[in-house]
Amino acid sequence: MNRRLGTLAFRGVVAALLGFVLLPVAVVVATSLNAAPDVVFPPDRLSLRWYRAFLFEEPEWRHAFVNSVVVATGTAVLATLLGTAGAYGVRGLPDGRLRRAVTTVIVLPLPTPVVVLALALSVYFARIGVGSGHVAVVLGHTLVTVPFVYVVVRATLARVDWQIREAALDLGATRWQAFREAVAPQIRAGVLAAGFVAAVLSLHEFLIALFVAGVDARTLPVLEWTALRNFVDPTVSVVSTLLILLAAVLSVPVVAALGVERLAREL
Amino acid sequence: MRTALGRVQARAVDRPVLLVVPVVAFELVVFAGALVYLLRLSLTRSAVSGAYAAGTWTLTNYGALLADGYLQGRLLYSLGLGVVVTAVTLVLGFVYAYAAARADGVRRTVLLGAVLVELLLSIVIKVYAWVPLLAPEGTVNAVFVGLGVVDAPLRLLGSDVGVVVGLVYSMLPYVVLPTYATLATMDTTTVAAARDLGASRLQSVRAVVVPQATPGLLAGGVTAFAWSTVAFAAPTILGSPSQATVANEAARFVDVTYDWPRAAALSVEAVVAVVLVAGCAVALVRRYGPRGATEGLL
């Protein structure tokens, strides 16, 4: 009896925690559909008027949307190239200590407080002439997304069957051919997933974009922030909902490639 | 027949070690470069015109900082905020990760999927979503007053409570995911063995599960502490000026007073404080915690 009660209590706590995690998502989506101009949850009456306003009446938001997509694409490409090459190359290092040192260098930006990183990058980029355009934001976002790419690709490489490559070499393939035919197919899904993770993280990154980007390169989260500082506006909910949807669409191939369980373990 | 590109390809496949060069160079130029520049800037004199006097060396920024009672108070507040948020997030995150590890099939997918969905939200959205929930006329107060728990609406927004709720929410995935990763490989027969030997549910969790989860909890705890101590968005949107962290103060120096050297000095002091506190916690766990608990860290 006591035991059943304990199980029930545990389940209740877990259900409450699940609600805690999902409630804010519901709030954002629901308030974007509110007919009234104020942000209340749950909304009284539903309407798409704020979506219409966002799509057709607000050039500023559209501009920020384009910036976000440009930056996310650039970040995904650069971070995937750097992180994948690093993950592939680090296996060739002879010494375990050296391998750990490289990993540390690559992963170190993660525990660094992002605000400090953002402040440092903004003054540093201004000093060395990188400026405050798209390139600057892409470099900053690459810094914080490369660790994720590196970790995901290393996990993928750990599962590669290298004997297939040996067999290809024995059968007379060049090393490049052996890589392309025997290794690449085994890691393609993991690398692709890593790239999507980088794009999604960039799409939602806020602090680096806020401090580094000039007015012309402002991304959606930065514009949301600016809007929020003035007054709470359903447009922010609309933009947030669209960002969640975009991230969800981008996540489909990742989840398809890895599965929710593996993704949760490797991030 | 071997073209230049072919040779590069062959060499990259032959000597894959060279492939680490670009990413390491990138980290050195962008990451180390920026942090070294920040350190250098903190040792530069402020200038009346322009953000700083280039080429000067001085320790006055640190002297002024340590003598500034207001800013030192903000630093203490920030560290306290970090400790509270980390403690609450560790407890909730452990329960969540344990539930996910014990669940199977659809339940596990739902629990993990929810955390991954949350990971997809920007910090701005995560914090902003709590505004209509915590507002004086908001959902939480409506429920509390409706149930008769409180007579008048509580002041949740613009207070410590609001900031802590927003930060715990933001940090939860970073504790749940590494903890889940360590629990996913846990030997569940040891829990059953502890129960067979007469341990109660809580005893078996404390004696068997928590030690195994320690590497994940430690990694998540360090992240939660490092990020929430210098939180920037949550204090601004969910708090009031008396919830300002050192990050808000440093940003004010950059944006409002254009005093880059002071901002740099304050950032350096904050990072040193975070590293000291987190380092002490890790050292304590290494000394008194289960074996191998700190192996997952850098």
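So here's what we get for this one:
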{"item": "The stretch A:117-135, residues that are more than 8 Å from chain B (Cβ to nearest Cβ), open to solvent by 30 Å² or more (accessible area, probe 1.4 Å) and assigned to a helix (DSSP H, G or I)", "result": "A:126, A:134, A:135"}
{"item": "Residue check for residue A:152: more than 28 Å from residue A:260 (Cβ to Cβ), part of a helix (DSSP H, G or I) and away from every other protein chain (no Cβ under 11 Å)", "result": "no"}
{"item": "Residues located in the stretch B:102-113, provided they are closer than 15 Å to residue A:13 by Cβ and either touching a helix residue (DSSP H, G or I) at 6+ places or on another chain (Cβ under 6 Å) or at pLDDT below 90 (or both)", "result": "B:102, B:103, B:111"}
{"item": "Contacts under 6 angstrom Cβ, first residue in the stretch A:177-188 being away from every other protein chain (no Cβ under 12 Å), partner in a helix (DSSP H, G or I) and β-branched (Val, Ile, Thr), 6 or more apart", "result": "A:187/A:156"}
{"item": "Wholly within the stretch B:95-142, helices (runs of 4 or more DSSP H) carrying at least 2 residues that are more than 7 Å from chain A (Cβ to nearest Cβ) and either among the hydroxyl-bearing types (Ser, Thr, Tyr) or within 30 Å of residue B:185 (Cβ to Cβ) (or both)", "result": "B:105-119"}
{"item": "Residues located in the stretch B:71-95, provided they are open to solvent by less than 40 Å² (accessible area, probe 1.4 Å) and of a type outside the set (Ser, Thr, Tyr)", "result": "B:71, B:73, B:74, B:75, B:79, B:80, B:81, B:82, B:85, B:93, B:94, B:95"}
{"item": "Leading residue by the ranking (surrounded by the fewest Cβ atoms within 10 Å (Cβ to Cβ)) among those in the stretch B:96-123 that are touching a Pro at 6+ places or on another chain (Cβ under 7 Å) and without any contact (Cβ under 8 Å) to a residue 60 or more places away in the chain", "result": "B:118"}
{"item": "First in the stretch B:261-278 and more than 18 Å from residue A:121 (Cβ to Cβ) and more than 10 Å from chain A (Cβ to nearest Cβ), second anywhere and among the β-branched types (Val, Ile, Thr) and crowded, with 24+ Cβ neighbours inside 10 Å, Cβ under 9 Å, 6 or more apart", "result": "B:269/B:246; B:273/B:229; B:273/B:246; B:277/B:229"}
{"item": "Segments classed as helices (runs of 4 or more DSSP H), wholly inside the stretch B:180-230, with at least 1 members that are polar (S, T, N, Q), within 30 Å of residue B:161 (Cα to Cα) and more than 10 Å from chain A (Cβ to nearest Cβ)", "result": "B:210-229"}
{"item": "Any pair with Cβ under 7 angstrom, 6 or more apart, that starts in the stretch B:124-146 at a residue that is among the small types (Gly, Ala, Ser) and ends at one that is open to solvent by less than 20 Å² (accessible area, probe 1.4 Å)", "result": "B:129/A:24; B:129/A:27; B:129/A:28; B:138/B:132"}
{"item": "Residue check, residue A:43 in contact (Cβ under 8 Å) with a residue 12 or more places away in the chain, more than 8 Å from chain B (Cβ to nearest Cβ), surrounded by fewer than 15 Cβ atoms within 10 Å (Cβ to Cβ) and not in a helix (DSSP H, G or I)", "result": "no"}
{"item": "Complete set of residues in the stretch B:32-50 that are open to solvent by less than 20 Å² (accessible area, probe 1.4 Å) and assigned to a loop (DSSP other than H, G, I, E, B)", "result": "B:44"}
{"item": "Restricting the stretch B:238-247 to residues that are surrounded by 21 or more Cβ atoms within 10 Å (Cβ to Cβ) and not small (Gly, Ala, Ser), the residue that is farthest from the other protein chains (Cβ to nearest Cβ)", "result": "B:243"}
{"item": "Residues within the stretch A:1-39 that are at the interface with chain B (Cβ under 9 Å from one of its Cβ atoms), without any contact (Cβ under 8 Å) to a residue 60 or more places away in the chain, farther than 22 Å from residue B:172 by Cβ and in contact with a helix residue (DSSP H, G or I) (Cβ under 8 Å, 6 or more places away or on another chain), tallied", "result": "2"}
{"item": "Any chance residue A:9 is under 27 Å from the mean Cα position of the chain (by Cα) and not in a loop (DSSP other than H, G, I, E, B)", "result": "no"}
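Here's the yes/no breakdown for (1) aromatic (Phe, Trp, Tyr); (2) within 20 Å of residue A:193 (Cα to Cα):
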| residue | (1), (2) |
| --- | --- |
| A:83 | no, yes |
| A:102 | no, no |
| A:106 | no, yes |
| A:115 | no, no |
| A:122 | no, no |
| A:125 | yes, no |
| A:141 | no, yes |
| A:151 | no, yes |
| A:163 | no, no |
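Results for (1) within 25 Å of residue B:111 (Cβ to Cβ); (2) β-branched (Val, Ile, Thr), shown as yes or no for each residue.
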{"position": "B:187", "(1), (2)": "yes, no"}
{"position": "B:203", "(1), (2)": "yes, no"}
{"position": "B:229", "(1), (2)": "no, yes"}
{"position": "B:235", "(1), (2)": "no, no"}
{"position": "B:272", "(1), (2)": "no, yes"}
{"position": "B:275", "(1), (2)": "no, yes"}
{"position": "B:280", "(1), (2)": "no, no"}
{"position": "B:284", "(1), (2)": "no, no"}
{"position": "B:287", "(1), (2)": "no, no"}
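The values are calculated or read from the model by the stated rules, or taken from the named source; none is laboratory data. On a predicted model such as this, the values are computed, not experimentally measured, just so you know. Cβ coordinates were reconstructed from backbone atoms using ideal geometry, including for glycine residues, and neighbour counts include every protein chain displayed. The protein model used for the area step is the full one, side chains on, heavy atoms only, and it has no ligands, DNA or RNA in it. Shrake-Rupley method; radii C 1.70, N 1.55, O 1.52, S 1.80 Å.
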